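Below you'll find the structure I mean.
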Amino acid sequence: MSHQIALESSDVTFACDPGQSVLDAALKAGIELPYSCRKGVCGNCVGGVAQGEVTGMGGAATTSEACGPGQVLYCLCTPTSDVVLRPASWRRVDPAARKTFKAKVHSHELAAPDVSVLRLRLPTGQRAKFQAGQYLQILQDDGSARSYSMANPPQENDGVTLHIRHVPGGLFTQRVTQLVTGDLLTIELPFGHVELAPDDLRPIVFVAGGTGFAPVKSLLDDMLKRRVQREITLIWGARTPEGLYLPAAVERWQKQWPGFRYIAALSDAPAGPGGFAGRADDALRSLGADLNGHIVYCCGSPAMVTAVRAAALAQGVPPGDFHADVFVPGPQTATPVQAPL
Ligand SMILES: Cc1cc2nc3c(=O)[nH]c(=O)nc-3n(C[C@H](O)[C@H](O)[C@H](O)COP(=O)(O)OP(=O)(O)OC[C@H]3O[C@@H](n4cnc5c(N)ncnc54)[C@H](O)[C@@H]3O)c2cc1C
């Protein structure tokens, strides 16, 4: 049987079907709670349950190390009674905002031996509406989907640019290597809730692992276009220098923001000038003990984000000022369809 979900201190209520996650029920009702991976890894959907009971779906845990007392992961739990939620934030979303397009491959370049930079063009006259840091889904013929972060800023909206790492044996990324100009892909966007407030000018540290650079590039290019002035540090981690596959973008930011600080963290190769020999989380630790007052945004593999979160919190970053997007491997579940408001 379905249960009613209410948001504390609001007039918002919506139904949650049996076996549906709290997060998916909210998205279907046109209510966006913070989220990213929808697989219990990123920790973005952590929130409180003020009244009622929830349980983990399919035996999943309802909490992770990202949860405080009384908090659960909304993406992994389903109600067992009517509940009242206490989310960190929420907003109504326009059901018409998410769109599906047949996008054409405009160019396909190898930025590194195992990284494709794919530029997709939308049909003439169509525009991609998204926020820097959001992602899209590429819909496959078998009904599954793969998620990729937009690397272009939202102001460049006649198409999207993706940075895709080739995963050995990966079903979709093996196909990516064969894509040529003119090929068509079905894409749906936008997904993900961006927690970075555009008007927050506190010092920010971006930590990217491999193609986790894609959303960071979108966020930094967006800040550049909006002429934002703030203290910015970028740590980009890879095994070897080839993994830091877009040096021109970094050079542009260094020219535009004289105070821009860049640390190339190489785990399996000697550090270059100003670089760091070691993992990205160790590079973050090398910044010094106290990062209270800083915002940290991290994107990469689950293991990398977990290590960087631990380092950031130990250095005084409050949990609410640590934001992450996690490239959780594997196909995504079907997208919840939003009901009209
Ligand atoms: C919100 C989100 C945003 C993402 N954005 C990007 C992006 O911008 N760029 C990008 O390159 N990827 C991104 N990813 C990952 C991407 O969605 C795919 O999971 C990845 O490209 C692999 O797809 P595939 O079909 O080739 O592999 P699959 O066929 O799905 O997987 C094949 C095998 O490889 C393993 N595997 C898959 N991916 C990885 C990996 N990264 N590392 C190690 N093992 C892996 C799987 O567990 C499985 O065993 C993102 C993921 C999420 C959830």
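Quick note: the coordinates plus some simple rules give every number you see, no bench work behind them. These numbers come from a predicted model, not from an experiment. Ideal geometry is used to build each Cβ from the backbone, glycine not excepted, and the neighbour counts take in all protein chains shown.
Stretch Arg175-Glu188 to full length: gain in nm at 0.36 nm per residue minus the Cα-Cα span?
Details: separation 13, 0.36 × 13 = 4.68 nm, distance 1.84 nm.
Residue separation times 0.36 nm, minus the Cα-Cα distance, leaves 2.8 nm.
Moving on to the next point. How far, in nm, would the chain grow between Leu201 and Leu110 when pulled straight, counting 0.36 nm per residue and subtracting the alpha carbon separation? Before the final figure, lay out each step's value.
Numbers: separation 91, 0.36 × 91 = 32.76 nm, distance 3.48 nm.
Once the chain is fully extended between Leu201 and Leu110, it gains 29.3 nm.
When the dipole is taken about the Cα centre of segment 97-191, and only Lys, Arg (+1) and Asp, Glu (-1) are charged at their Cβ, what size is it in debye, to the nearest 20?
Numbers: 11 positive and 8 negative charges, 55 e Å.
Magnitude of the dipole: close to 260 debye.
Using amide H atoms built 1.01 Å from N in the peptide plane, name the residues 5+ places from Gln71, or on other chains, whose amide H lies under 5 Å from its own.
Residues meeting the criterion, in which the H sits 1.01 Å from N, do not exist here.
Could you tell me the distance between the Cα centroids of segment 248-304 and segment 128-169, to the nearest Å?
Segment 248-304 and segment 128-169 have Cα centres spaced 24 Å from each other.
Here's something else I'd like to know. Using the number of other C-beta atoms within 10 angstrom as an exposure proxy, rank Leu118, Leu171 with the fewest first. Can you show the working numbers first?
Working: Leu118 23, Leu171 13.
Final ranking by Cβ density, sparse to dense: Leu171, Leu118.
Any idea what the relative contact order of the chain is, in percent, if you count C-alpha pairs under 8 Å spaced at least 6 apart?
17
Going toward the positive end of the dipole of the chain, with +1 on Lys and Arg Cβ and -1 on Asp and Glu Cβ, which of Ser147, Gly70, Phe101 do you reach last?
Comparing the listed Cα positions along the dipole, Phe101 ranks first.
Taking every DSSP beta bridge that has both residues in the chain, what percent is antiparallel when rounded to the nearest 5?
Values: 46 of 73 bridges.
Of those bridges, close to 65 percent are antiparallel.
If you don't mind, another one. Once you keep just the Cα pairs under 8 angstrom separated by 6 or more residues, what percentage relative contact order results for segment 3-92? Spell out each step's value before the answer.
Numbers: 195 pairs, mean separation 34.5, N = 90.
Normalised by residue count, the contact order of segment 3-92 is 38 percent.
Within 10 Å, count the other beta carbons around each residue, average over each peptide in 297-310, 248-261, and list them highest first. All intermediate terms of the calculation are to be shown ahead of the outcome.
On the way: 297-310: 22.5, 248-261: 13.1.
For the peptides 297-310, 248-261, the packing ranking is 297-310, 248-261.
Going by how many other beta carbons lie within 10 Å of each one, how would you line up Tyr148, Tyr262, Tyr135, fewest first? Provide the component values of the computation, followed by the final result.
On the way: Tyr148 25, Tyr262 18, Tyr135 22.
By the 10 Å Cβ count, ascending: Tyr262, Tyr135, Tyr148.
Expressed as a rounded percentage, what relative contact order does segment 97-191 have, with Cα pairs under 8 Å and six or more residues apart?
Working: 207 pairs, mean separation 39.0, N = 95.
This gives 41 percent for segment 97-191.
Next up: Under 5 Å between amide hydrogens, which residues at least 5 positions from Gly237 or on another chain qualify, with H placed 1.01 Å from N in the peptide plane?
Amide H to amide H, under 5 Å and 5 or more residues apart or across chains, Gly237 pairs with Ala208, Gly209, Gly210, Ala265.
Continuing with this model, one more query. So, with +1 on the Cβ of K and R and -1 on the Cβ of D and E, and no other charges, what is the size of the charge dipole of the chain about its Cα centre, to the nearest 20 debye? All intermediate terms of the calculation are to be shown ahead of the outcome.
On the way: 30 positive and 31 negative charges, 165 e Å.
I would put it at about 800 debye.
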